[in-house]
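A.B. asks: Before we start, here is the structure in question, set down as structure tokens.
The numbers here are math on the coordinates, done by the rules we state, and not lab data. Note that the structure is a prediction, hence the values are computed from the model and not measured. With ideal geometry, Cβ positions are generated from the backbone for all residues, glycine too; neighbour counts draw on all protein chains shown.
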Amino acid sequence: MQFNLHRRELLPTDGAVGLASGAGVVLTVLSDLDMAGAPALRQAVVAEVTSGTRLLVLDLTAIDFLDSAGLGAVVGGLRRLRAHDGDLMVVCPEPRIRRVFESCDLDRVFVLHPDVGSAIAAVIAAGERASV
């Protein structure tokens with residue numbers, strides 16, 4: 001199976017009213033995130049950071065399989081974004097996939113959101129707390 005991603009910018013209609021236009025991007029993984037797909041995710045994150053994206057929402061709703069290489073790509077994406085004063089939010093509603101994060105204690109590193117809307121709401125709420 002070929003690795004496939006869908007990219008879209010966060011818009012005010014997503015509830016991203018508190019974010020600057022073009023400040024965030026949603027990357028939806030449309031295939032398994034494994035050894036074959038991890039390099040493509042790494043390249044996509046590098047391209048986003050290079051183009052100035054500082055908030056990346058990684059939507060894992062559509063994946064059926066996640067292995068250690070895929071987890072490594074997600075962690076690497078977080079490190080790259082944080083090195084550029086950005087952040088990575090993970091959307092992971094599927095219990096089977098959540099357990100992979102939990103078994104590696106990565107649920108302590110990432111807040112696993114049930115949908116894109118809740119990830120955006122968490123970013124906006126954190127921004128409001130920081131500005132107080």
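A.B. asks: Given (1) in contact (Cβ under 8 Å) with a residue 12 or more places away in the chain; (2) surrounded by 15 or more Cβ atoms within 10 Å (Cβ to Cβ); (3) not basic (Lys, Arg), identify the lone condition not met by ASP107.
C.D. replies: Evaluating ASP107 over (1) in contact (Cβ under 8 Å) with a residue 12 or more places away in the chain; (2) surrounded by 15 or more Cβ atoms within 10 Å (Cβ to Cβ); (3) not basic (Lys, Arg) leaves (1) as the failure.
A.B. asks: Of ARG96, ARG82, which residue is under 13 Å from the mean Cα position of the chain (by Cα) and exposed (fewer than 13 other Cβ atoms within 10 Å of the Cβ)?
C.D. replies: Values: ARG96 fails: under 13 Å from the mean Cα position of the chain (by Cα).
Only one candidate passes the filter, namely ARG82.
A.B. asks: Name the residues in the stretch 40-77 that are among the hydrophobic types (A, V, I, L, M, F, W, C), under 17 Å from LEU106 (Cα atoms), surrounded by fewer than 21 Cβ atoms within 10 Å (Cβ to Cβ) and under 12 Å from the mean Cα position of the chain (by Cα), would you? Spell out how you get there, then give the answer.
C.D. replies: Quick first cut of the stretch 40-77, residues among the hydrophobic types (A, V, I, L, M, F, W, C) only: 40-41, 44-47, 49, 55-58, 60, 62-63, 65-66, 69, 71, 73-75.
From what's left, under 17 Å from LEU106 (Cα atoms): 57-58, 60, 65-66, 69, 71, 73-75.
Going one step further and asking which of them are surrounded by fewer than 21 Cβ atoms within 10 Å (Cβ to Cβ), we end up with 65, 69, 71, 75.
Across the stretch 40-77, the qualifying residues are LEU71, VAL75.
A.B. asks: Among the residues of the stretch 80-112, write down those that are within 25 Å of SER51 (Cα to Cα), in contact with a strand residue (DSSP E or B) (Cβ under 9 Å, 6 or more places away or on another chain) and not hydrophobic (A, V, I, L, M, F, W, C).
C.D. replies: Hits for the stretch 80-112 are ARG80, ARG82, GLY86, ASP87.
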